[in-house]
1. Taking only segment 25-48 into account, find how many residues are open to solvent by 50 Å² or more (accessible area, probe 1.4 Å), under 16 Å from TYR92 (Cα atoms) and not charged (D, E, K, R).
2. Within segment 42-57, is there a residue that is over 26 Å from SER83 (Cβ atoms) and among the hydroxyl-bearing types (Ser, Thr, Tyr)?
3. LYS72 fails exactly one of the following numbered conditions: (1) in contact with a strand residue (DSSP E or B) (Cβ under 7 Å, 6 or more places away or on another chain); (2) open to solvent by 50 Å² or more (accessible area, probe 1.4 Å). What is the number of that condition?
4. Taking segment 40-81 only, how many residues are in contact (Cβ under 8 Å) with a residue 24 or more places away in the chain and assigned to a helix (DSSP H, G or I)?
5. Give the number of residues within segment 1-16 that are open to solvent by less than 60 Å² (accessible area, probe 1.4 Å) and in a helix (DSSP H, G or I).
Amino acid sequence: LDCLNDPGIRYLSDSNYKKQWDETIDDDHWSNDHFDHRAKSMYWNDVSTDFRHLAVDALESGYPVDIGTGEKLNKKGEALALSNVVSDYARYDLEKLFPDN
């Protein structure tokens with residue numbers, strides 16, 4: 001159910017949700033502004049949900065890494081998720097710092 005409550009994941013996996021989102025949300029909506037704190041929060045929730053699911057897969061398969069559980073990431077899991085978010089946002093940050101390049 002986590003995925004159904006996450007707009008980013010649901011957008012990618014539910015064609016009806018995607019269609020409604022695309023018809024309802026215009027380009028000026030805050031979710032399209034990578035610098036808006038709400039968009040960043042939504043993206044963090046998306047990535048942390050992905051990593052919590054990865055944690056479950058790792059535990060169930062006996063993979064020798066502990067990044068937390070399906071309910072909560074541990075410090076290592078949060079660090080990995082944060083690294084992913086920072087990496088993804090780097091291109092937007094560069095565009096903001098160097099708009100003419």
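The values are calculated or read from the model by the stated rules, or taken from the named source; none is laboratory data. Please read these numbers as outputs of a predicted model, since none were measured by experiment. Note that each Cβ is placed from the backbone with ideal geometry, even for glycine, and that neighbours are counted across all protein chains shown. Heads up: the accessible areas ignore ligands, DNA and RNA and are worked out on the full protein's heavy atoms, side chains in. Shrake-Rupley method; radii C 1.70, N 1.55, O 1.52, S 1.80 Å.
1. Of the residues in segment 25-48, 8 are open to solvent by 50 Å² or more (accessible area, probe 1.4 Å), under 16 Å from TYR92 (Cα atoms) and not charged (D, E, K, R).
2. No - not one qualifying residue is present in segment 42-57.
3. Among (1) in contact with a strand residue (DSSP E or B) (Cβ under 7 Å, 6 or more places away or on another chain); (2) open to solvent by 50 Å² or more (accessible area, probe 1.4 Å), LYS72 violates only (1).
4. Final tally of qualifying residues: 17.
5. So the answer is 4.
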